[in-house]
Amino acid sequence: MGTQKQKMTHDSLNYSLSIRNNQLYIEECNVTELARQFGTPLFVVSENHLRYNLRQYQNIFKQYWPEGDVKIMPSIKANPVIAVRKILSQEGAGCDVFGSGELEAAIRGDTPPELISVNGSIKDNDIIRRSIELGSTIVLDSPRELEICQQHADALKKNARIMLRIKPYMSELEVSSDYVPDQKIRDLTQTIKYGIPSSELFTMLKRIPELTNIDLVGIHAHMGRQSKKGEVWQAWVKSFVELTKEVSLALGGWQPQELNLGGGFPSLPDQDTDVSIKGYRGPSLEELASIITTELRKELTRTKLKSEGLTLSLEPGRGIHCDTGIHLSSVKNIKEERHTINHKWAEVDTSQMFLGIGGANFNNNKFELVVANKASAEKTCKIDIVGKTCNLEILFYQEPAPKLEVDDIIALLNTGSYIEPCAQNFNALPRPGMILVHDGEAVWIKRHETVEDVFSRDITPNHLQP
């Protein structure tokens with residue numbers, strides 16, 4: 001990173017963030033100056049931090065799984081900006097995609113086709129045919145998709161490389177979900193739509209040997225961000241291998257070349273806006289890698305499935321991206337009520353609609369916040385920070401803050417995953433752009449949307465023309 005960082009004075013300062021002389025920096029860039037130069041609201045991503053996070057996953061899991069290759073396949077939906085994807089491709093990462101749009105993003109982002117995993121339900125003819133043409137792996141979600149693969153593989157005279165997305169059942173697990181706290185994880189993983197229901201899976205397995213041009217290379221399953229607890233991941237791997245063994249037996253002793261355990265890995269700061277239960281201590285990435293690979297090795301041995309040469313694939317999204325990004329907003333107005341109640345508001349130029357959150361965040365702030373140009377200042381007041389649409393838009397309720405003034409810059413931390421892709425045009429607002437910082441330089445990687453962009457898809461029929 002070059003310059004030695006000063007002592008960190010904010011809990012969420014991380015690999016790319018530091019406070020210097022009362023100013024927030026991302027890498028070597030002054031955040032306030034970035035806001036002034038590029039305009040707000042604005043998403044900012046650290047290239048060095050992104051590369052660091054990916055290398056952590058690659059190095060740690062390769063250390064704990066020497067039996068075969070390790071493929072890190074970050075979910076492109078977490079941050080589908082092309083330049084971001086190009087960085088991951090340069091680092092040798094594969095890619096998990098959902099739908100034709102994400103497949104296009106992966107290709108434009110220089111992902112080698114053989115490292116693309118085409119996932120998701122209700123795949124149509126076009127995406128299956130294109131995946132076969134590219135030589136990408138198709139993760140089947142239903143018997144219907146198997147027949148479509150066969151149809152296009154025959155027509156192209158080319159093998160369709162497939163994996164089966166199964167639904168392991170952790171029958172003895174009593175742990176509730178961090179994501180939906182009133183649901184047991186074992187039940188939620190069966191209830192969600194993704195994956196081949198086991199009752200359909202075994203009927204499907206009878207069909208596979210009858211088909212030509214179908215190359216079954218492995219098994220896939222995805223639990224999602226249900227828990228950080230080691231016992232949950234142990235149960236997940238155990239049930240995954242048990243069901244894989246049943247597939248092997250049904251196919252006369254077939255051995256998988258690749259096992260993809262999906263994603264659901266928690267972000268390092270554990271500040272994801274879509275997770276209800278967070279903040280408790282979970283295993284470090286190294287501890288989690290040890291838990292997963294130890295259980296995998298044990299269960300493969302027990303079920304007499306081969307581990308030597310077996311590729312282990314993982315699909316971290318939030319785990320790679322979350323803490324690599326920040327979101328910047330400017331204070332546009334200060335309001336104060338002293339007649340009926342004592343209350344203050346800071347009106348800012350961002351919105352819940354840009355951040356993928358609700359607008360009633362009473363005592364439930366979704367992000368950690370730094371006033372970028374007053375980063376070390378004493379927090380002397382409490383104030384509501386409210387967004388710009390006609391919704392309730394209480395982004396922060398009675399947030400401790402230094403004295404805020406018009407043109408102060410608010411930085412929301414840990415916005416690198418699943419935030420920008422969920423931005424909406426409510427109130428016909430143009431969505432924010434994104435910049436990339438790298439070794440003191442900052443460049444556009446997605447421009448600000450314009451009002452013209454917002455209405456570019458509208459069509460006025462002739463009979464409504466003046």
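Remarks
- Amide H contacts of Ile445 (H built 1.01 Å from N, under 5 Å, at least 5 apart or other chain): Met434, Ile435, Leu436
- Other residues lying with their Cβ under 10 Å from the Cβ of Val406 contribute a combined charge of -3, Lys and Arg counting +1, Asp and Glu -1.
- Here's the picture: a label point sits 7 Å out from the Cα of Asn425 along the beta-carbon direction, and within the range 435-466 the residues with their amide nitrogen under 16 Å of it are 447-461.
- In terms of the mean number of neighbouring beta-carbon atoms within 10 Å, the peptides 258-267, 380-389 order highest first as 258-267, 380-389.
- Simple rule: put +1 on each Lys or Arg Cβ and -1 on each Asp or Glu Cβ in the chain, find the dipole, and look at Asn30, Asn213, Ala250; the Cα lying farthest toward the positive end is Ala250.
- When a 1.4 Å probe is rolled over the protein heavy atoms, the share of accessible surface on the chain that falls to carbon and sulfur comes to 48 percent.
- Dipole check for the chain: with +1 at the C-beta of Lys and Arg, -1 at the C-beta of Asp and Glu, and the Cα centre as origin, the magnitude is about 520 Debye.
- Between the helical axis of 47-64 and the longest alpha-carbon principal axis of the chain there is an angle of about 30 degrees.
- Under 19 Å from Lys332, Cα to Cα: lysines that are on another chain or at least 8 residues apart: Lys344, Lys374, Lys382, Lys388, Lys403
- Rounded to 10°, Cα long-axis angle of helix 198-207 versus longest principal axis of the chain: 50 degrees
- A value for percent of Cα pairs over 44 Å apart was derived from the coordinates, and within the list (i) 19; (ii) 32; (iii) 15 it appears as (i).
- Among the GluC sites (Glu not before Pro) in the range 389-458, those located in a DSSP loop and surrounded by at most 13 other Cβ atoms within 10 Å of their own Cβ are Glu405.
- Qualifying chymotrypsin sites (Phe, Trp or Tyr not before Pro) in the range 160-239, where qualification requires a DSSP coil assignment and no more than 16 other C-beta atoms within 10 Å, comprise Tyr169.
- Full-stretch length increase - Ser171, Glu441 - with 0.36 nm per residue and alpha-carbon distance subtracted: 92.0 nm
- Förster radius 41 Å - calculated FRET efficiency between Gln90 and Thr303 (Cβ-Cβ, nearest 0.05): 0.60
- 1.4 Å probe accessible area per residue over the range 1-144, in Å²: 39 Å²
- Greater than 30 Å apart at Cα, pairs in Lys86/Lys167; Lys245/Lys278; Lys278/Lys379: Lys86/Lys167; Lys245/Lys278
- Take every DSSP beta bridge whose two residues both sit in the chain; close to 50 percent of them are antiparallel.
- Arg281/Gln465 FRET efficiency (R0 45 Å; Cβ-Cβ; nearest 0.05): 0.10
- Burial order of peptide ranges 278-288, 423-433, 332-342 (average beta-carbon count within 10 Å, highest first): 423-433, 278-288, 332-342
- DSSP assigns beta bridges within the range 17-147; of those with both partners inside it, close to 45 percent run antiparallel.
The values are calculated or read from the model by the stated rules, or taken from the named source; none is laboratory data. The shown structure was predicted, so the numbers you read here are calculated from the model rather than taken from an experiment. Positions of Cβ are generated from backbone atoms using ideal geometry, with glycine treated the same way; all protein chains shown enter the neighbour counts. These area figures cover heavy atoms from the full protein model, side chains too; ligands, DNA and RNA do not enter into them. Shrake-Rupley method; radii C 1.70, N 1.55, O 1.52, S 1.80 Å.
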